[in-house]
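Notes for the one structure printed next.
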Amino acid sequence: AQSVAQPEDQVNVAEGNPLTVKCTYSVSGNPYLFWYVQYPNRGLQFLLKYITGDNLVKGSYGFEAEFNKSQTSFHLKKPSALVSDSALYFCAVRPPHNSGNTPLVFGKGTRLSVIA
Amino acid sequence: DAGVIQSPRHEVTEMGQEVTLRCKPISGHDYLFWYRQTMMRGLELLIYFNNNVPIDDSGMPEDRFSAKMPNASFSTLKIQPSEPRDSAVYFCASLPTPGQFNTGELFFGEGSRLTVL
């Protein structure tokens, strides 16, 4: 069965510094990978996804993520953090298309706190 | 489009009472998902529908939980009787088209925060 791990419950970073939120996955074949963000008292919002092609994916709000097949990782990054980036971030995985229609599996989430 | 609409946003009830949560997906979306979010367990998929038909309800925790989708624009999640451990935020999400089930992104509602005393 597919799974995704977010090893850090909390990440703290100073405003203006680069940020990384880590995600590793376990799935057979080439997965489809997603990042979502949840602001306080709101639903999850899609940030970016990796389906195929270039390993570096660019998404909303200046975020990007790098798919690394050998390390089974899909870390979320941003060159310069903003206080407004403070939120809960979820990584999610779905097995490849030949596995049929399988819903997304979400990680437990990582709380990002950007300090001014 | 107004997005996925959930009601109520907040519900406080007493143990043993029936709770009904409601969801209106985005028009034209063929898939609807119910998730539950807690601090301990994160985000869990409870059930999902395709064209109003339940496809997988293996995540529904107990017989106290039931979900219906009588038409393409409305779904309910019911808990009867409710218990304190059901306290959580319940999210509804929809997916644009069947062809994008594997690669498409979910659109989430704002959630219904349930507190069972």
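What to note about this one:
- Within the stretch B:1-14, being touching an Asp or Glu at 6+ places or on another chain (Cβ under 9 Å), assigned to a loop (DSSP other than H, G, I, E, B) and surrounded by 13 or more Cβ atoms within 10 Å (Cβ to Cβ) holds for B:Gly3, B:Val4.
- A:Pro103 meets all of the listed conditions (1) more than 21 Å from A:Asn12 (Cα to Cα); (2) open to solvent by 50 Å² or more (accessible area, probe 1.4 Å); (3) assigned to a loop (DSSP other than H, G, I, E, B) but one, namely (2).
- Verdict on B:Ser112 being more than 14 Å from every other protein chain (Cβ to nearest Cβ), at pLDDT 95 or above and under 10 Å from the mean Cα position of the chain (by Cα): no
- Strands (runs of 3 or more DSSP E) within the stretch B:33-113 that include 3 or more residues closer than 30 Å to A:Pro7 by Cα and not hydroxyl-bearing (Ser, Thr, Tyr): B:42-50, B:88-95
- Identification of strands (runs of 3 or more DSSP E) wholly contained in the stretch A:1-98 with 1 or more residues that are closer than 20 Å to B:Leu43 by Cα and open to solvent by less than 50 Å² (accessible area, probe 1.4 Å) yields A:3-5, A:10-14, A:19-21, A:24-26, A:32-38, A:44-50, A:73-78, A:87-94.
- The set of residues in the stretch A:37-53 that are more than 8 Å from chain B (Cβ to nearest Cβ) and free of Cβ contacts under 8 Å to residues at least 60 places away in the same chain comprises A:Val37, A:Tyr39, A:Pro40, A:Leu47, A:Leu48, A:Tyr50, A:Thr52, A:Gly53.
- Total residues in the stretch B:15-36, condition open to solvent by 30 Å² or more (accessible area, probe 1.4 Å) and at the interface with chain A (Cβ under 10 Å from one of its Cβ atoms): 0
- Number of the exception - B:Arg64 against (1) closer than 27 Å to A:Tyr32 by Cα; (2) surrounded by 15 or more Cβ atoms within 10 Å (Cβ to Cβ); (3) more than 9 Å from every other protein chain (Cβ to nearest Cβ): (1)
The values are calculated or read from the model by the stated rules, or taken from the named source; none is laboratory data. Because the structure is a prediction, the values reported are computed rather than measured. For neighbour counting, all protein chains shown are included, and Cβ atoms are generated from backbone atoms with ideal geometry for every residue, glycine included. To get the accessible areas, we keep the full protein, side chains included, count just its heavy atoms, and leave off ligands, DNA and RNA. Shrake-Rupley method; radii C 1.70, N 1.55, O 1.52, S 1.80 Å.
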